Amino acid sequence: MPRPTAAQLAYGSATVIVSTIAMLLLSQTSTGLGVAVISAAALALGLLVALTVPVSKRRGRHAARTGGAGAPTASAASASGAAPDARVPEPRTATAEHPVHH
């Protein structure tokens, strides 16, 4: 089961608190059974609200990158007859990554 988002937690918690206070004030109940029924109804309402909050689709860090695993390589571009993609990086050597200082 996916973890709830911050918006779901906020909306659900606010709904429980506000609806509990409103129902207790409007019903003017003083019995334990009345408070229990109102509390259960408020929790159910809060859960309903939390589950129906629209969840935005998250984009991962890799989705915003260009030239990632989903990008065509130069060999794939040349095989399909298209010009090679200019964004495909050249292979780097070990000396380019770790220069030696004497």
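The values are calculated or read from the model by the stated rules, or taken from the named source; none is laboratory data. Keep in mind that this is a model prediction, so the values were computed, not measured. Cβ coordinates were reconstructed from backbone atoms using ideal geometry, including for glycine residues, and neighbour counts include every protein chain displayed. The area values use the complete protein model at the heavy-atom level, side chains included, leaving out ligands, DNA and RNA. Shrake-Rupley method; radii C 1.70, N 1.55, O 1.52, S 1.80 Å.
Quick one: Thr29 ticks every box in (1) assigned to a helix (DSSP H, G or I); (2) in contact with a helix residue (DSSP H, G or I) (Cβ under 8 Å, 6 or more places away or on another chain) bar one, so which box is it?
(1) is the only condition that Thr29 fails.
I'm checking my understanding of the structure. Among residues of the range 1-13 that are open to solvent by less than 50 Å² (accessible area, probe 1.4 Å) and assigned to a helix (DSSP H, G or I), which one is farthest from Val49 (Cα to Cα)?
Applying the filter and picking the extreme gives Ala7.
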